[in-house]
There are 2 protein chains.
Amino acid sequence: MILSTKGRYGLKAMFELGLQYGKGPIPLKVIAERQTIPENYLEQLIAILRKAGLVKSVRGAQGGYLMLRPPEEVTVGQVLLALEGPMAPAECVTDSESPKCKLASGCVTRGVWEKISHSIHDVIDTMTLQHMIEEQISTIEKE
Amino acid sequence: MILSTKGRYGLKAMFELGLQYGKGPIPLKVIAERQTIPENYLEQLIAILRKAGLVKSVRGAQGGYLMLRPPEEVTVGQVLLALEGPMAPAECVTDSESPKCKLASGCVTRGVWEKISHSIHDVIDTMTLQHMIEEQISTIEKE
DNA sequence: TTTAATCTTGACAAATTTAGTAGGGTATTC
DNA sequence: GAATACCCTACTAAATTTGTCAAGATTAAA
Ligand code: FES
Ligand code: FES
C-alpha cells in the first residue's frame with residue numbers, strides 16, 4: 001500500500017509553493033526541476049490542486065502558481081485528499097455521504113478500518129505545510 | 001487511498017479462520033459464503049496467506065484451511081503485509097532493505113511519510129485477530 | 001506591437017494492477 | 001470409486017498509473 005506518485009509528487013510541489021508563499025508566483029518549470037518531477041505530468045497534478053482550491057495560477061510571463069492561503073493553514077491531509085482521494089483503508093470509514101457498506105452492522109473488519117483511519121488523520125490533519133518547512137530548516141541546520 | 005479487495009477480503013477470511021481456531025479445518029466455500037467473497041478469487045488470496053505462513057491447508061474431504069498459530073499471535077499487520085505489501089505511504093519508510101530514495105537527506109516529504117507509517121503500524125501491529133473477535137462479540141452483545 | 005513566458009486543455013498510450021472467471025489436476029476420505 | 005476439497009495456471013475486461021505530446025490561450029515585458 002504505497003501511495004501513488006500523484007500524492008508523493010504533489011506534496012513535494014506544495015512544499016515548494018509553501019516556501020514561496022508571499023513572494024509572488026513560481027513557474028511549474030522551477031518546481032519540476034527542484035523536485036525532479038516530469039513537468040508535463042506535474043501540470044496535470046497541479047490542475048487537480050487548483051480545482052481543489054489549494055493553489056491559483058497567474059498566466060503570462062512572470063506568471064506561475066501560488067498558494068491561496070498561508071502554509072500554516074494548509075494541512076498535508078488537504079493535499080493528499082485532493083490527489084489520492086480519502087486517506088482511509090475502506091470507503092465505509094470516510095466522511096463521504098456514501099455509506100456503501102450495507103453490512104456495516106455485523107461487519108467484522110470495520111473496527112479495524114476505523115482505528116487505522118483515525119490514526120492516519122491524527123497525523124495528516126494536524127500537520128501543515130508550515131510544519132514541513134520548519135522541520136526541513138531544522139534538519140538542514142544540523143548538518 | 002482505499003485498500004484493494006485483496007486486503008479487505010483477506011482480513012475477513014482470516015477472521016473466520018480465527019473463530020474456527022482449534023476446531024479443525026474449515027473449507028473455503030464456507031468462508032466465501034459467510035463473507036460474500038467470490039470463491040475462486042478467495043482461493044488466490046488464501047494461497048498468498050499460505051505462502052506467507054499464516055495458514056495451512058488440509059486436502060481431501062473434510063479438509064479445508066486452518067491457522068498455524070492462535071489468533072492472539074496473528075496481527076492485522078501481518079495479514080495486510082502479505083496481501084497489500086508494506087503498509088506505508090512511501091517505499092523509503094519501509095523496513096525492506098531497499099533504501100530506494102537516494103534523496104533521503106534533503107527530502108522534504110520523508111518526515112511526513114515516517115509519521116504516517118508509524119501511526120499506521122501503532123494500530124496494525126498491536127491489533128490481533130483475537131482483538132477483532134472480542135470486539136465483535138461485545139458489539140453483538142449490545143444488540 | 002511583437003515576442004516570449006506561462007498556463008490550459010485535451011488526446012494518446014504503455015505498463016501495471018485489480019478483480020475476477022474458468023477449468024483441469026491432485027489428494028483424501030467415506 | 002465417488003464425493004469433497006485443495007491446487008495451479010491461464011485468461012480477461014476494466015481501471016489506474018505514469019507519463020508524453022501538441023495546440024492554443026493569456027499576459028508581461030521589450
Ligand atoms: S468494510 Fe465497510 S462496513 Fe465492513
Ligand atoms: S520520498 Fe523517500 S526520501 Fe523522500
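The values are calculated or read from the model by the stated rules, or taken from the named source; none is laboratory data. Every value quoted in this text rests on a predicted model; they were computed, and no experiment measured them. FYI the Cβ positions are ideal-geometry reconstructions off the backbone, even for glycines, and counts take in every protein chain you see. Only protein heavy atoms, including side chains, enter the accessible area calculation; ligands, DNA and RNA are left aside. Shrake-Rupley method; radii C 1.70, N 1.55, O 1.52, S 1.80 Å.
B:E33 sits with roughly 120 Å² accessible to a 1.4 Å probe, with DNA, RNA and ligands left out of the calculation.
Remark: spin-label model distance B:I137-B:S4 equals 3.5 nm, labels positioned 7 Å along the Cα→Cβ axis.
Report, to the nearest 10°, how far helix B:110-124 tilts away from the longest principal axis of the Cα atoms in chain B, using its own Cα long axis and a range of 0 to 90°. Helix B:110-124 and the main axis of chain B meet at about 20 degrees.
So the label point sits 7 Å from Cα along the Cα-to-Cβ vector; using that for B:A52, what distances do you get to the other copies, in nanometres, sorted shortest first? Copy-to-copy label distances at B:A52, shortest first: 2.9 nm.
The residue in chain B that lies nearest, by its beta carbon, to the axis linking chain B with chain A is given here with the distance in whole angstrom as B:S119, 2.
Counting Cβ atoms of other protein chains within 10 Å of each Cβ in B:122-128 and taking the mean gives 3. Taking A:A13, A:A47, A:A61 in turn, the Gaussian network model of chain A (Cα-Cα springs below 10 Å) assigns the largest fluctuation to A:A61. Per residue, the protein assembly as shown reaches -15500 deg cm²/dmol at 222 nm when only DSSP H runs of four or more residues are counted, each adding -39500 (n - 2.57). In the complete set of protein chains, residue-level accessible area for A:I120 is approximately 0 Å², probe 1.4 angstrom.
Going by accessible surface with a 1.4 Å probe and the largest first, B:R59, B:R110, A:R34, B:R69 read B:R59, A:R34, B:R69, B:R110. Accessible area per residue (1.4 Å probe, heavy atoms of protein chains only) ranks A:H118, B:H121 as A:H118, B:H121, with the largest value leading.
Excluding B:A82 itself, calculate the net charge of residues whose Cβ lies under 12 Å from the Cβ of B:A82, where each Lys or Arg counts +1 and each Asp or Glu counts -1.
Details: positive: B:K6, B:R50, B:K51; negative: B:E84.
Neighbourhood net charge equals +2.
Within straight-line reach of A:K6, meaning a Cα separation under 20 Å, sit the following aspartates and glutamates at least 8 residues removed in sequence or on another chain: A:E16, A:E33, A:E39, A:E43, A:E84, A:E91, A:D125, B:E84, B:E91, B:E114. Once all protein chains are placed together, B:L81 keeps about 100 Å² accessible to a 1.4 angstrom probe. Pick from A:G18, A:G77, A:G85 the residue whose mean-square fluctuation is largest in a GNM of chain A, springs joining Cα atoms under 10 Å. Highest fluctuation of the listed residues: A:G85.
Taking square-rooted eigenvalues a ≥ b ≥ c of the alpha carbon gyration tensor, is region A:5-142 rounded, prolate or oblate, where a/c under 1.5 means rounded and, failing that, a/b exceeding b/c means prolate?
Numbers: a/c = 2.63, a/b = 1.85, b/c = 1.43.
Prolate shape, in that a/c is at least 1.5 and a/b is the bigger ratio.
Of the accessible area of the protein assembly as shown, computed with a 1.4 Å probe over protein heavy atoms only, carbon and sulfur atoms account for 52 percent.
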